[in-house]
Amino acid sequence: MTKQLIRSIGLWGAVATAVGIVVSSSALVSLGQGFGIGGKGFIFAMAFALFLNLCVAFSFAELSGIVPRAGGLNHYTIPAMGPFVGMVAVLTGYVLVTIFAGSAEAAILGIVFNEVFPFEINSNVVSLLVVGLLGFVNLFGVQIFSWTQRILTTLLISSTVILGIIGLSGIGSGQTISNSTAFNPMGWGVLSLTALAFWLFVGAEFVTPLAEEVKKPKIYIPLSMILGLFIIFIADLIFGLASIKHTPLDQLAGSSSPHVDAAKAILGEKGMICMGIITILATSSTLNTLISSIARMIYAMALEGQMPKVFGRLNRWRTPWTAILLLCFLFAAFLLLGIANSSSLSTMILAGCICWMIAYIIAHLNVIILRMKYPNVQRGFRSPFGYTFQVIGIIGMTYVILNIFPDPVIKVEIYKYTLIFLGLTIVYSIWWVKFIMKKSLFKPIPIEDLFDQIDYEEKNKIS
């Protein structure tokens, strides 16, 4: 009998997964720089970015309610626009981004560890140890992943909030300063920071690839994404306001690690150590979610014939072990080759993030197309107000892509890498679909075929 994924993740485990990918080291940098540039007015950009990501959550919640499969966006796109678009969306918007962003996060962890703690250990050794440990944990079943993620997320959010409350209350050892008294000195111009604020929330939909392992997925998946986004907004708001109460705005805006500067200003050396711990927790949480969720996307694609069959294998703990090992190997390779520390990596990551935004646009289009093609299909969650959130989401994503970076020279570089990423995945996807799968690029698979697969797998699960 074929081994299948099993449902064992509860609501808090799903929330922890939704939060885990979002609160990363790079997000903490974006938070500090955003408040440094926009002052308290950055709250408006955060609120707009939160709304755009709620639009994303609504679309992914509806899609996951229709097709509760481990493949995530790929399985939502197959019945709407065919296998080619599904492959491009997942490979560019998730797998490719993961390779670069995950390696960078791992590198940051090692660097921060060396800066904060008095241990003479090579930063790459620290990073590799953490990647290896998290990969090992993920091999032993989704329950172990879920417990690890809950612990990491709880410690991460609570530490950030506590440090922020200390800063806002003034009970820390740091001195408050007098920044600009105007609440929003940039006026409507503060919305130009939406692209920066967007990265504070991006990735909450990473809970959807766990759809076959979440209890009550039609309820817990949408609820976990919505709760996760608001938890992140509140935690970031508290720490952001505390940061500008103790740190000059220009220092936050120009720093490569503004969150560390703010923590040191709030609590002195103890604050720096505290933020070092938070950074390590954030990076570990991000890597843990990336390894788990992306491995399941690759696993599901292999089952559909869109990736080599070896990645469709499960071990005795019913985890996609070959896909997990592949991701850990790529993270380690990029670290050892020094790619994760290269000067152009941030540009490549932003290019990858544009691909992520394109994947979001595809998700919104999937909702519209599937409603038109299958108006009567059962939906565990239905995005409210017709197509309102999908249309707003598409327009909002387009705006963020067009305003990805203020410097026009760097913006051109970002677009160049984006075209390279898209070009590579488009060529690979065309070759795989036409010559390996021997299928039409844009011929959708009837949604009933996916339902038949789900019914078959549910009947054959091993408890």
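All of the numbers you see were taken from the coordinates with simple rules; none came from a lab. Model, not experiment: these values are computed from the prediction. Glycine gets a Cβ as well: all are built from the backbone with ideal geometry, and neighbour counts include every protein chain shown.
What to note about this one:
- In this simple spin-label model, placing a label point 7 Å from the Cα along the Cα-to-Cβ direction at both residue 395 and residue 413 gives a separation of 3.4 nm.
- With a simple spin-label model that places each label point 7 Å from the Cα along the Cα-to-Cβ direction, the separation between residue 147 and residue 256 comes to 3.9 nm.
- Modelled spin-label separation between residue 449 and residue 12, with each label point placed 7 Å from Cα along the Cα-to-Cβ direction: 4.2 nm.
- Pairs from 309/443; 216/245; 216/309; 40/270 whose Cα-Cα separation, in the structure shown, is over 32 Å: 216/245
- Computed extension gain for residue 388 through residue 133, at 0.36 nm per residue and net of the alpha carbon distance, reaches 87.5 nm.
- Counting beta carbons within 10 Å around each of 296, 313 and listing the fewest first gives the order 313, 296.
- Span-like helix check, the chain: qualifying full DSSP H segments, with Cα axial length of 18 Å or more and mean Kyte-Doolittle of -0.5 or more, are 25-38, 42-66, 96-116, 123-139, 142-169, 217-246, 258-303, 321-337, 345-373, 388-402, 408-431.
- Taking 317, 188 and counting other C-beta atoms within 10 Å, the order from fewest to most: 188, 317
- At R0 = 35 Å, FRET efficiency that the Cβ-Cβ distance of residue 155 and residue 428 yields, to 0.05: 0.35
- Calculated FRET efficiency for the pair residue 120/residue 402, C-beta based, R₀ 41 Å, to 0.05: 0.35
- Residue order, fewest to most surrounding Cβ atoms within 10 angstrom, among 220, 94: 220, 94
- Placing one equal scatterer on every Cα of the chain and applying the Debye formula, the log10 ratio I(q)/I(0) at q = 0.07, 0.08 Å⁻¹ is -0.33, -0.44.
- FRET E, pair residue 273, residue 325, Förster distance 35 Å, beta-carbon r, rounded to 0.05: 0.55
- Relative to the globular-protein estimate of 2.2 N^0.38 Å, the Cα radius of gyration of the stretch 63-114 stands at 1.56.
- Where only DSSP H runs of four or more residues are counted, the chain gives -23500 deg cm²/dmol as its mean residue ellipticity at 222 nm, each run worth -39500 (n - 2.57).
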